[in-house]
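What follows is a set of notes on a single structure, which appears directly below.
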Amino acid sequence: MSPTEGSATKEMSLLTLNERDTTKRTTRPRKRDIGRIRVMGYSIDLPHDDVVNALRKHFSSCGEITDVCVHVLTDNLLDSFGFIYFLGGQGTVDRAMQLSGTDVGGWNVTVKPYPFLEDADWDPVAIVQGYDTCLGKTDIKRMLFDHFSSCGQIKDIKFQRSSIGLASVYLYGEGAEDKVLDLDGSYMGGCKILVKLIPSSGIYTVHPRSRHLGWPRNMFQFDLSRVEIPKTLGILDLNHNGIIGSIPVQWTGTPLQIFNVSYNRLCGCIPTGGKLQEFDSYSYFHNKCLCGAPLDRCK
């Protein structure tokens with residue numbers, strides 16, 4: 001096992017599910033509201049807090065800074081590049097680019113844009129209540145499909161296990177988040193429905209490494225096929241990285257309660273048995289060529 005794979009296994013206990021609080025239109029910034037840059041040029045043996053504070057001060061004129069993330073490596077040296085997040089969208093990035101090459105207390109900073117992926121906010125989940133629960137699941141699913149089809153491609157529709165009165169509609173498409181919220185308070189089959197939004201999992205106002213106790217999401221690139229996980233592991237969230245390979249058959253024997261490998265480069269058939277088929281398609285979404293339940297059948 002490579003050092004990267006080993007560190008991945010050691011950090012499994014720290015993995016947490018991406019923040020998915022239901023929100024209204026005004027409570028969470030969208031991709032267009034967030035500007036991100038990558039910064040370089042500092043000496044990697046400088047004190048972490050000195051570099052962070054200097055960067056925050058130097059770029060304060062560009063807009064409201066929500067995070068300055070400079071990762072400390074295992075040898076206590078700094079990573080050679082860091083990240084700054086702003087509220088204000090592309091305008092903050094344009095202003096920050098003007099500071100590339102300027103002096104930051106004895107060293108010159110290099111600035112590069114760090115944009116989100118084009119479809120980073122295209123996969124929200126709509127949480128729906130208020131429809132007629134006297135209907136059967138098949139009829140309710142059909143009504144939900146028809147009602148939300150204008151929001152984008154519907155990937156899946158799930159009901160809460162304990163109640164037919166709450167459904168999750170998994171969507172994919174440009175502008176899907178705004179379209180979902182427009183349906184809050186609309187009428188479906190004569191009933192006024194309540195719609196809340198679980199925003200796309202890849203949009204944050206702080207760097208994932210700041211949010212996940214040092215877990216470098218978007219940075220890991222290793223072969224998942226060769227990774228063994230503890231038999232007692234209950235939480236495994238590896239989404240939004242560059243992980244290759246396939247899901248090991250050994251994982252079917254693990255009592256996973258939370259699981260997500262979406263937005264990687266995984267291939268192959270999802271092993272059957274254990275807990276892996278109990279998770280919805282969202283947990284496997286956006287991989288290179290994964291197949292099998294709960295995704296499409298393998299050819």
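Take every Cα pair under 8 Å in region 210-298 that's 6+ residues apart, average their separations, divide by the length, and report that relative contact order as a whole percent.
24
Apply the Karplus parameterisation 6.51 cos²θ - 1.76 cosθ + 1.60, with θ equal to phi minus 60°, to every residue of region 92-109 and state each ³J(HN,Hα) to the nearest whole Hz, in sequence, with x for glycine and proline.
The phi angles translate into 5, 5, 4, 5, 5, 4, 5, 8, 4, x, 8, 7, 10, x, x, 9, 8, 8 Hz.
Given Cα pairs under 8 Å that are at least 6 residues apart, what percent is the relative contact order of region 72-118?
21
In square nanometres, what is the average projected area of the Cα convex hull of region 31-113?
4.9
Which of 238, 268, 251 sits farthest toward the positive end of the charge dipole of region 226-299, with +1 on the Cβ of Lys and Arg and -1 on the Cβ of Asp and Glu?
268
Suppose accessible area is computed on protein heavy atoms with a 1.4 Å probe; arrange 247, 65 from highest to lowest.
Per-residue accessible area, sorted high to low, gives 65, 247.
Per the Kirkwood formula on distinct C-alpha pairs, the Rh of region 230-299 is how many angstrom?
11.9
Determine the dipole magnitude for region 31-113: charges of +1 sit on the beta-carbon of Lys and Arg, -1 on that of Asp and Glu, nothing else is charged, the reference point is the Cα centre, and the result goes in debye to the nearest 20.
It works out to roughly 420 debye.
Roughly how many percent of the accessible protein surface of region 210-298 is carbon and sulfur, given a 1.4 Å probe and a whole-percent answer?
Carbon and sulfur: 53 percent of the exposed surface of region 210-298.
If we restrict to alpha carbons, what Rg and Dmax does region 125-198 come to, in Å?
Using the Cα atoms of region 125-198, the pair Rg, Dmax is 11.1, 33 Å.
Label point 7 Å out from residue 231 along Cα-to-Cβ: which residues of region 255-284 have amide N under 13 Å?
Correct set: 255.
Report the per residue volume, in Å³, of the convex hull enclosing the C-alpha atoms of region 63-153.
Residue-normalised Cα hull volume stands at 189 Å³.
Give me the percent of the accessible area of region 31-113 that comes from carbon and sulfur atoms, probe 1.4 Å, all protein chains in place.
Taking all protein chains in place, region 31-113 shows 49 percent carbon and sulfur surface.
The values are calculated or read from the model by the stated rules, or taken from the named source; none is laboratory data. Small disclaimer: the values here were computed from a predicted structure and weren't measured. Don't worry about glycine lacking a Cβ; one is built from the backbone with ideal geometry, like all the others, and counts go over all protein chains shown. Side chains included, ligands, DNA and RNA excluded: accessible areas come from the protein's heavy atoms. Shrake-Rupley method; radii C 1.70, N 1.55, O 1.52, S 1.80 Å.
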